[in-house]
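Some notes on the structure that comes next.
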Amino acid sequence: MPQALKVDLGDHAPCDPGFPARAIAHITADEEATAAAPLNLVPFADLKSFFKGSGRGQAPHILWDPFTGTFAQFFPATSRSKAVFDEDGGFRTNRSGKVVIQIEALFFPHCRVNGQVFVRLVDTPCKGWDVLNAWISSWGVPDFWPMGRPTSLSRNTCPAAKWKSQGGWYAHAHVPENDHVDPGSWPSFVSRPDEPTPVGPRFEPFPGASFFRKGRRSPVIAGMHTRLVAEDCDRYTSGTGIDVWGPGDVRSYSAWQQKLGLEGSAADGVPGRFSWDRLGVPEV
């Protein structure tokens, strides 16, 4: 990408040209901010150094700062990158396409920049998106979301037949063999400037672990209760007071954490961001 800072990691490997060209959209999601406790955006230089160093095994092709329009490139477009999980003997998710260009947008929900808080990527200035979109299109990636443009932080795994046959843009949340829920939103294609930002189901953001204390009353807890029951994690002994945090919530939420494969202290019944985002509590 001509406009990008070149940080070539080496370790190039070819893609699979028998599959259509695709791009995969991510957000860095490097902090766990909340509406009540927003956090400053992590500096671009820090993420560039991370992907160059200890995070090289998770590096994308492009790191994009939507606030400044700055880019860093870690792999050439013709190489696979390493930003999605790739199961041995599986879909070859990092390379199943003529190109599989992966973009990490420097963003996390409730990040703060110059005193302003941004909840979704599309709320940012999205500087440089026109340049990025054009460059990816030049590699034959169509301006099309086979699984739909992302509207929320939730999973929507692409069926195998569609993944193998349809090129275009995929959210990390769409990629087979993966469990991430990002990016949550993404800007309109430059070829469709009047495309409205889709309004999908809205979910409660993670309120922080300290929110879940004994006796806390909130419609958010009632919404969580309903979702836990729907996920067959009902460990409640009473159907009353569903909006008040209590022992039944701890037992039921622990069952949900265990269902996600968490163990030990990670399945202690106190919500964390990973498990909360996957539960999908509707906005109240």
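The values are calculated or read from the model by the stated rules, or taken from the named source; none is laboratory data. What you see is a predicted model, and the numbers here were worked out from it, not measured in a lab. Quick reminder, even Gly has a Cβ in these numbers, built from the backbone with ideal geometry, and neighbours come from all protein chains shown.
General remarks:
- Among the residues of the stretch 102-157, those that are more than 27 Å from Phe206 (Cβ to Cβ) and among the charged types (D, E, K, R) comprise Lys127, Asp130, Asp143.
- Residues (in a strand (DSSP E or B) and surrounded by 12 or more Cβ atoms within 10 Å (Cβ to Cβ)) located in the stretch 10-25: Arg22, Ala23, Ile24, Ala25
- Exactly one residue out of Asp194, Asp249, Asp277 is modelled with pLDDT under 90, among the charged types (D, E, K, R) and not in a loop (DSSP other than H, G, I, E, B), and it is Asp277.
- Enumeration of residues in the stretch 157-176 that are free of Cβ contacts under 8 Å to residues at least 24 places away in the same chain, of a type outside the set (A, V, I, L, M, F, W, C) and surrounded by 15 or more Cβ atoms within 10 Å (Cβ to Cβ): none
- Test: residue in the stretch 68-78 that is in contact (Cβ under 8 Å) with a residue 24 or more places away in the chain and within 15 Å of the chain's Cα centre (by Cα): no
- Matching option when the condition is closer than 15 Å to Gly184 by Cα, under 16 Å from the mean Cα position of the chain (by Cα) and either touching a residue at least 12 places away in the same chain (Cβ under 8 Å) or surrounded by 19 or more Cβ atoms within 10 Å (Cβ to Cβ) (or both), among Leu121, Leu63: Leu121
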